[in-house]
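One structure is given below, encoded as structure tokens.
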Amino acid sequence: MLDLARLFSRVRFGEAAPRDEPHRDAFQRDQDRITFARPFRRLQAKTQVHPLPHDSHVRNRLVHTLEVASVGRSLGVKAAGLIEDRLRGAEVSPQEVGAVVRSACLIHDIGNPTFGHAGEEALAAKLAALSADLPDAPSDLAFFDGNAQGFRIVTKIDMHRMRRGFRLTYATLGAMLKYPWGARDARSRGGTKFCVFETEAEAFADVVRHLYGIDDPAAAPRHPATWLVEAADDIAYTLADLEDAVDLGIVPAGEFAEIVGPIAGRRTGEVASLRGSAIGVLIDAAAAIFAERFAAIVSGAPYGGGGLLDDLAAHAPAVGEAFAEAQRVNRSRVYVHDRKVGFELAADEIIGTVLELAFAAAVAFDAARDAERLSRRHRQALTIFGDYRPEPDWPRHEILRAAVDAVAGMTDPYATFVAARLRGIERPL
């Protein structure tokens, strides 16, 4: 059985005891650090679903993140209130659970690359090709997942670079680990759906030891707050993606009302009003499912798959059926719309072009360990690394990962600009 007091530890990553943090509690400080971080700001120019929309009402990755955090906070407080008697002995309040969930929601997509999930696939495909020809490449260099990149950002490469990253609480770090294993784990799906690169294996093991008191990272369970983070994400993007599809003319407003109405409890009203009511119903349902499954969630068993909303149809059949229909429409019409697919085809070319340049520069830098000894092209390529430029004393695997950090960290417009320049095309930012 997991120790709830330990799970909601206020100790910061790499430290031995909680800090005295007057005026702001530890979890609020986590949220403030995330909000002011450069990778968080970059989410405003990264694709959520619909690429570079001209309609400013359509969500980008930052707006999506803020909405997930709003849902997550409410869901965390609601769910914790249903198990408050269990939390009381650990001296954890529902508000603190809500704060941890919100913090993890704020970073749940912070590692997602340019061009959204299409960018993840493009990065992984290009890395597989580049690393195949590289002798002694790190064993997981051919893989990429935004979840693992996010863990790398907040524990190592941003804010306090190579010195514990954001220095968030262990509770927040545990809550962000949606898939608590590495790329080579059998539970990884074809090199995706994992949370840890080999470069952060030590950090992951430290988080697992601190929260769960176990020495084998492969046996890590899921943090209870992670179930709520995942549900908040599923609720927010399913309804918001469908709402954006109405704004873009992909789904008629009347059809939206027919799909979402059974969740909201009414079929009349504006699209935004129906979406808001439906979110409230889904928060209540997810909180109830969490309370029902709480004993299993805190059993300490390694996580094998599944989420809270998998039980939605059994908990509330009409709501579950309507939510499944919303997901089906998104998959069959929204996520495969011509405008989106056409842009994703271009994203493959853009990411492939930029990563090839950055990776070649990283390989050359690893061999020379001195930028002045590089060719003019490789020296110039290092300038696009920005915050992620490698240092001469780094181990090889960190230098190669720096190329991935640089490209994954680019915004959609900047990656497009760099790729155009490499082809001799003048394109304004």
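Restricting attention to region 312-331, and to residues there that are open to solvent by 60 Å² or more (accessible area, probe 1.4 Å) and without any contact (Cβ under 8 Å) to a residue 24 or more places away in the chain, which single residue is farthest from residue 79 (Cα to Cα)? Explain how you work it out, then say what you get.
First, pick out the residues of region 312-331 that are open to solvent by 60 Å² or more (accessible area, probe 1.4 Å): 314-315, 317-318, 321, 325, 328, 331.
Applying the additional criterion that residues be without any contact (Cβ under 8 Å) to a residue 24 or more places away in the chain yields 314, 317, 328, 331.
Numbers: 314: 18, 317: 20, 328: 27, 331: 29 Å.
The qualifying residue farthest from residue 79 (Cα to Cα) is 331.
Please give the helices (runs of 4 or more DSSP H) falling wholly within region 349-426 in which 3 or more residues are in contact with a Ser or Thr (Cβ under 8 Å, 6 or more places away or on another chain).
Details: elements: 376-382, 396-408, 412-422.
Passing ranges, in order: 396-408, 412-422.
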As an exercise: evaluate residue 307 against (1) under 17 Å from residue 231 (Cβ atoms); (2) loosely packed, with under 14 Cβ neighbours inside 10 Å; (3) in contact (Cβ under 8 Å) with a residue 24 or more places away in the chain and give the number of the one condition it does not meet.
(2)
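Against the condition small (Gly, Ala, Ser), over 26 Å from the mean Cα position of the chain (by Cα) and open to solvent by less than 10 Å² (accessible area, probe 1.4 Å), how does residue 381 come out, does it pass?
Numbers: small (Gly, Ala, Ser): yes; over 26 Å from the mean Cα position of the chain (by Cα): yes; open to solvent by less than 10 Å² (accessible area, probe 1.4 Å): yes.
Against the criterion (small (Gly, Ala, Ser), over 26 Å from the mean Cα position of the chain (by Cα) and open to solvent by less than 10 Å² (accessible area, probe 1.4 Å)), residue 381 qualifies.
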For residue 145, the lone unmet condition from (1) buried (at least 21 other Cβ atoms within 10 Å of the Cβ); (2) under 28 Å from residue 21 (Cα atoms); (3) in contact with a Ser or Thr (Cβ under 9 Å, 6 or more places away or on another chain) is (2)
Search result, residues across region 289-300 that are open to solvent by less than 60 Å² (accessible area, probe 1.4 Å) and aliphatic (A, V, I, L, M):
289, 291, 297, 298
Within region 165-189, residues farther than 16 Å from residue 101 by Cα and among the basic types (Lys, Arg) come out as 167, 184, 187, 189
Name the pairs: first residue in region 143-167 and free of Cβ contacts under 8 Å to residues at least 60 places away in the same chain and part of a loop (DSSP other than H, G, I, E, B), second residue open to solvent by less than 30 Å² (accessible area, probe 1.4 Å) and of a type in the set (Val, Ile, Thr), Cβ to Cβ under 6 Å, at least 6 apart or on different chains?
none
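Quick test for you: out of 33, 10, 29, 102, pick the one residue that is open to solvent by 10 Å² or more (accessible area, probe 1.4 Å), closer than 20 Å to residue 159 by Cβ and touching a strand residue (DSSP E or B) at 6+ places or on another chain (Cβ under 6 Å). Steps first, answer last, please.
Numbers: 33 fails: touching a strand residue (DSSP E or B) at 6+ places or on another chain (Cβ under 6 Å); 29 fails: touching a strand residue (DSSP E or B) at 6+ places or on another chain (Cβ under 6 Å); 102 fails: touching a strand residue (DSSP E or B) at 6+ places or on another chain (Cβ under 6 Å).
The unique qualifying residue is 10.
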Looking at residue 92 and the list (1) assigned to a helix (DSSP H, G or I); (2) in contact (Cβ under 8 Å) with a residue 60 or more places away in the chain, which single condition is not satisfied?
(1)
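The values are calculated or read from the model by the stated rules, or taken from the named source; none is laboratory data. All values derive from a computational prediction rather than experimental measurement. All Cβ positions, even for glycine, are placed from backbone atoms using ideal geometry, and neighbour counts span all protein chains on display. To get the accessible areas, we keep the full protein, side chains included, count just its heavy atoms, and leave off ligands, DNA and RNA. Shrake-Rupley method; radii C 1.70, N 1.55, O 1.52, S 1.80 Å.
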